[in-house]
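This report refers to the structure that appears directly beneath it.
Each value in this text was obtained by applying a stated rule to the coordinates, not by laboratory testing. Keep in mind it's a predicted model, so treat the numbers as computed, not measured. In this analysis, Cβ positions are derived from the backbone assuming ideal geometry, glycine residues included, and neighbour counts consider all displayed protein chains.
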Amino acid sequence: MSISPGVLHPGRSGAPGAEAGGRVRHAGRRRALATSPIEQVAEAIRTDLADGTFSPHERLVEADLVDRYGAPRAAVREALIQLAAEGLVEREPHRGARVRGMSLAEAIEMAQVRRALESITVRQAAVRATPEQRAAIVALADALCDAANAGDVGTYLKLNARFHRSIDAMAGNETAREILVQFGRRPIDRFFPEPFRPIPPTASVEAHKRIAAAIGTADPVEAEAAMYEHLSDLVNLLRRFEHRGSE
Amino acid sequence: MRSYDVEPTVGGDPNDDGGGGTRGRAGAVLAILMTAIRRDLAEGVYHPRERLVEADLVERYGTTRAAVREALIQLTSEGLVERSPNRGARVRGMSLEEAIEIAEVRRALETLCAGLAAAKATPPERLRILGLSKTLQAAAGEGRVEDYLTANAEFHALIQDLSGHAIAQGILGTFRHRPIDRFFPQPFRARPPMVSVDQHERIAAAIAAGDVEGAEREMHEHLSDLVETLRGYEERGETRPGT
């Protein structure tokens, strides 16, 4: 599902075109979407957004996207309209489309919702994971630790995203997962890199290990506690950043 | 002087081929229709799995066939409607599995909202939530089922409002178009309402007292009843309880 910018923060997104109470897509289980050319382009752009190929506020010029994806102009246009409705992109009359920015308040809200929903998914993952999945998540936590020790920021960030996505995939609550997938398309650290430097915070590395271990031993209570604490750290990190420079 | 990012083309928006005007009007007609249909879905005008016939919708909403067609496409992508090749469009049903998923997400997000409401509510707002709790109590005590259900919905909506959490409200708002009680009415009728009334009272008291942890705990417990009831059906293999 997705929430239009108008629902989130009327006026605060800074886009004059953001309509209040705009279209909200349903947080339901995704039906098998026909892979029309429009949907293919839309999905390609969503992936590029999640990977950080496009930066916040970057202009998205139709002609460039036509070249990049090899898609018809009409499909690119419709895809941008769709993504504007989803709140990923904003379109302004006579100014074209750009990647929608994110306010700090919005980032904090997203972190709070992630904390609530990933508590659900991690608990279920701890119960439902196969032996292979348990081994894989533990290995992923170790790889995160290695990347941290090597100071390899790029790898660390990629593996971090993969870590959380893997847990959501193991869970089985598709409704929660779709909401989290949507949030993954606007990774907080791309919009606010400062609070996440220097990378990586030791607490984060330890938290991933603790979460993975709890999944490994099929302990849903411990998994949920570890995840809640991990994402509370994120919320607090963003709050401190919000109040930087003030008393 | 403010600087704008200027595209290397003349004439403003490089993405604008001049068709904006026509799209704008059709877009407005569609938006109005979508709002009306979603409202009707939320209010139970249509039953689960009820057929949605284009000609009927044209007449009901006094709109164009093109708008109805487009609306059904969008509603399908939103998960409110499903379409099959030979059987047209119908209001999408809800599996027990999905009901459980939604109940779990609601529990998590409404717990978040309850805590925030406790932290932020102003004195008048604290009185409002206490007042709503009493309304619920009265309706339940006097056996006024419909009034009880209405007040119940208002109670939860008020807490979300008080939380000020736009994203949580946005997500929870989408669930209102497909309320669980429409698809699985049993849990909402079978449980003695007084249990529920007590829970609402404790939630309201915690919010009024500014007790963040208490509000979260009470809301979590309240919505756990629904989750556990639905899981109970699942465990007993009752996918269509009450039928």
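Evaluate the distance, in nm, between pseudo-label points positioned 7 Å from the Cα of B:Asp225 and of A:Ala139 along their respective Cα→Cβ axes.
Distance between the two pseudo-spin positions: 4.7 nm.
Can you tell me the 0 to 90 degree angle between the C-alpha axis of helix B:96-120 and the longest principal axis of chain B, rounded to 10?
It is inclined by approximately 80 degrees.
Taking the Cβ-Cβ separation of B:Arg83 and B:Asp40 as r and a Förster radius of 22 Å, what is the calculated FRET efficiency to the nearest 0.05?
On the way: r = 18 Å, r/R0 = 0.82.
The formula returns an efficiency of 0.75 here.
Under the definition of partner shielding as Cβ atoms of other protein chains within 10 Å of a residue Cβ, what is the mean value for peptide A:105-114? Don't skip to the answer; put the middle values down first.
Working: counts 4, 2, 0, 2, 8, 1, 0, 8, 9, 0.
Mean partner shielding for this stretch: 3.
Can you give me the C-alpha center-to-center distance between segment A:92-168 and segment A:42-82, rounded to a whole angstrom?
23 Å
From Cα pairs below 8 angstrom and at least 6 apart in sequence, can you work out the relative contact order of chain B, rounded to a whole percent? Mind dumping the intermediate values first?
Values: 245 pairs, mean separation 58.5, N = 243.
Here the relative contact order equals 24 percent.
List the lysines whose alpha-carbon lies under 21 Å from that of A:Lys158, not counting same-chain residues fewer than 8 positions away?
Partners within reach: A:Lys209.
Rounded to the nearest 10 degrees, what's the angle between the helix A:174-184 long axis and the longest principal axis of chain A, both from Cα atoms, 0 to 90?
Rounded to the nearest ten degrees, it is 70.
Angle, helix B:65-77 long axis vs. longest principal axis of chain B, Cα atoms, 0 to 90°, nearest 10?
Once rounded, one gets 50 degrees.
Which order results if A:Ser119, A:Ser103 are arranged by neighbouring Cβ count within 10 Å, fewest first?
Values: A:Ser119 21, A:Ser103 15.
Least to most surrounded, the residues fall as A:Ser103, A:Ser119.
Between B:Ile32 and B:Glu142, what is the label-to-label distance in nm when each label sits 7 Å out along the Cα-to-Cβ direction?
For the pair B:Ile32/B:Glu142, the computed spacing is 3.9 nm.
Calculate the spin-label point distance for B:Glu54 paired with A:Tyr228, positioning each point 7 Å from the Cα along the beta-carbon direction, and give it in nanometres.
Here the modelled spin labels are 5.2 nm apart.
What is the order of A:Asp51, B:Asp225, fewest Cβ neighbours within 10 Å to most? Don't jump to the answer; show the numbers that get you there.
Numbers: A:Asp51 13, B:Asp225 16.
Final ranking by Cβ density, sparse to dense: A:Asp51, B:Asp225.
Under the rule of -39500 (n - 2.57) per DSSP H run of 4 or more residues, summed and divided by the residues of the protein assembly as shown, what mean residue ellipticity at 222 nm is obtained, to the nearest 500 deg cm²/dmol? Don't skip to the end; give the middle numbers.
Values: 22 runs with 323 residues, N = 490.
Helix contribution divided over all residues of the protein assembly as shown: -21500 deg cm²/dmol.
Fewest to most neighbouring Cβ within 10 Å: what's the order for B:Val195, A:Val89?
On the way: B:Val195 12, A:Val89 24.
Ascending Cβ contact count within 10 Å gives the list B:Val195, A:Val89.
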